[in-house]
Structures are given as C-alpha cells and as structure tokens.
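Since the structure comes first, as structure tokens, the remarks are kept for the end.
The values are calculated or read from the model by the stated rules, or taken from the named source; none is laboratory data. In this text, all values refer to a predicted model and were calculated from it rather than measured experimentally. Here the Cβ is made from the backbone with ideal geometry for all residues, glycine too, and neighbour counts use every protein chain on show.
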Amino acid sequence: MAPLPLSLVSQHDHCSLHSFNHSVLLSEQSAHEETWELDKQTPEGSQLVFIRDTISSSSMAPLPLSLVTQPGMTIAASTPKIFNHHVVLSEQSPHEETWEQTPESSQLVDSEAWRLGVETNTLRSWTVVPPECVEYVKTYMLGSGTGSGSQCLRDSQMVANESIAYASSLKLSGDGKDVWIFDVDDTLISSLPYFAAHHYGGEGIDDDVFINWAALAENPLLPASHRLYTHLLELGFKIFLITGRYSYERNATEKNLVRVGYHSWEALFLREPEDYEKSAVVYKSEKKLKIEEDGFRIRGNSGDQWSDLTGYSVGDRTFKLPNLMYYVG
C-alpha cells in the first residue's frame, strides 16, 4: 500500500473547535493561544457580542438552478422503477421529465453539493449562504461537538501540510527574490467571530459594520497558516501580503497581524483610493504583477478566495484555503 500524502497525516499540534460550548481553543503548545467565547445569554446560545444586521429575503441572490430541486422532483440513485419514475410528455415540452418526490426529500439545496460548488469555483457571485446550508456551515466551522475538531481546521491543516511539502521541495535561488503571497482575512487571521454573529454567512455583509469590527484588531490566528508562514521564513522566502482591506485600515491590520504572531513580511498591500472600484481579481493581479516587475519570483500563493488565486501573475502554484461564509469576486 502506498504511504499517505503528508497533507493527510494528522499533526500532533492541530487545533480543535468545540461547538457545544461554542469556543475555539488553540493548542496549549501555541504561544498565540486564543479563545473565542460566544454569548451564552442569548436564546440560541450561539451569538457573539457584536452589532447584528438583518437583511430582507428580497436581497438574497437567487439560487443556482443546478442546486434547486424543482417541485415534484427527486433524483434517485437507484433504479427508476423503485421510485416510481415516469416520463410525462408535456404539451408544452415533448421532452419534459418529472420525478415523483418522496416524503424524505424536502430540502431545496444539498449542502454537500453546495460546498463542492463553492470550493471548486463552480458557484460564483453568491451573496449569502442559502438558508438550508447555514447549519451545515456552522458545523463545518465549529465542529459537531464530538471532540474531533472541525472539518474546516482539518482541511486547513491539509492545505498547510501540502504547502509546506511543496515549499520544502523547491531549490531557492539564494538571491532573496523567491516570494510567497498571502491574503490576510481568513487566510492568516479569521473573521469567524464576526460571521458567527451573522448566521455564519446567512446574512449579507454590511461593509461599514465589518470594517468597524476589523478596526478592533481582534481577529484570531489561523494556526495552520501561521505554521506555514513560519516555515516559509525559515526556508528563506520573502513574504508579501495582499489584502482587500482599504489603505486607512493599515494600522489596525498590522496591529492585528503582529498581535497574533506574524512578522517580517516584505510588504503589505492594501487598496488605495484608485483601487476602490476594481474587482478583487483585477486589483490583486495588478499588485502581483508589480511584485514580479520588481524582480521577484512568485513561487507560491495562498488565499481563501478564488479571486486571490486567479487572474494573472498568480505564481508557480496556488493553495486554496476553505471558506464557506462569503464570496469575493
């Protein structure tokens, strides 16, 4: 039997999240221990103490047709005869097929299929997590309370392991021009506390409220990414950070990064006024091109959004971290 890839081997210092007490506790071995406590006084026992905005259902983006179960439809993996599948030749459409719905099939969106669509960049430009998937996203981010940790952290550890294996295999030039690019939010630090207070992405993002929250500089560390970051510095990579945050957020962003243990980056790019109206793909591609024009070689590129990893000047290899809470195009 072939050995398992390093990215799938459990690490002794991996972190765990426990959803029953709604806290995130980093490893005792980490010098940057963080605990996120949710407000236990709320009726649901799962809301953080932040301003909560609401949106009307009319502001939600329509669901992609590929994930919507049409009335009277159930797609069955078994033989059609068992589920009373029949083909009706409609007067309007001679090729219309109908599938008889079973009592068990009442959910409009399959959460696993939705997650696959998001993480493979198949679903794009969505604005909120579908209502049927909110509880799934919550469990994905926090864990099921069984003590096994969250799937999100396990996925992040896998990405970090594979990134480290790749970086360690490279022969660096020794001229200080080998570069690794990182996004900031939900790549190096987490915005989970904010989104936990807003139905784990089930509400639209109010930019002003999010900016005010980020100004507190209290985003927790993402431990898998910190492990990768530290290893890259030890290998001799120069690190550049490119964030979609605005230039007036620089002080809070740098304060937050230093507070949780990041240091020694070469440059931190934020949106200047001329970048405010650009899409994330265009803005980040322009910054990466500038890095290359300055003589650096982008050997690796890590981000939680596909807009971090697509466009041009993306580097030799990209690494996608999980994020089911929001989409940036």
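Annotations
- Residue match in segment 104-122 (condition: modelled with pLDDT under 50 and either surrounded by fewer than 12 Cβ atoms within 10 Å (Cβ to Cβ) or closer than 30 Å to P223 by Cα (or both)): yes
- Residue match in segment 213-228 (condition: within 29 Å of Q151 (Cβ to Cβ), of a type in the set (S, T, Y) and out of contact with any strand residue (DSSP E or B) (no Cβ under 9 Å at 6 or more places or on another chain)): no
One line per residue, one yes/no per condition, for (1) touching an Asp or Glu at 6+ places or on another chain (Cβ under 7 Å); (2) under 17 Å from L309 (Cβ atoms):
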position: R115; (1), (2): no, no
position: K138; (1), (2): no, no
position: M141; (1), (2): no, no
position: S150; (1), (2): no, no
position: Q157; (1), (2): no, no
position: S163; (1), (2): no, yes
position: S169; (1), (2): no, no
position: L172; (1), (2): yes, no
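- Close pairs from segment 145-162: first touching a residue at least 12 places away in the same chain (Cβ under 8 Å), partner of a type in the set (V, I, T) and not in a helix (DSSP H, G or I), Cβ under 6 Å, at least 6 apart: none
- Residue that is farthest from G300 (Cα to Cα), among those in segment 139-148 that are surrounded by fewer than 19 Cβ atoms within 10 Å (Cβ to Cβ) and out of contact with any Phe, Trp or Tyr (no Cβ under 8 Å at 6 or more places or on another chain): T146
- Filter result (over 21 Å from A113 (Cβ atoms), outside any helix (DSSP H, G or I) and modelled with pLDDT of 95 or more) within segment 128-158: none
- Scanning segment 136-150 for residues that are under 19 Å from the mean Cα position of the chain (by Cα) and not hydroxyl-bearing (S, T, Y) turns up V137, K138, M141, L142, G143, G149.
- The lone exception for G174 - which of (1) small (G, A, S); (2) part of a loop (DSSP other than H, G, I, E, B); (3) in contact with a strand residue (DSSP E or B) (Cβ under 8 Å, 6 or more places away or on another chain) it fails: (3)
- Screening segment 156-189 for residues that are within 16 Å of G300 (Cβ to Cβ) and among the charged types (D, E, K, R) and picking the one that is surrounded by the most Cβ atoms within 10 Å (Cβ to Cβ) gives D183.
- Residue in segment 238-246 that is modelled with pLDDT under 95 and in contact with a helix residue (DSSP H, G or I) (Cβ under 8 Å, 6 or more places away or on another chain) present: no
- Residue match in segment 271-290 (condition: modelled with pLDDT of 95 or more, closer than 23 Å to I164 by Cα and not charged (D, E, K, R)): no
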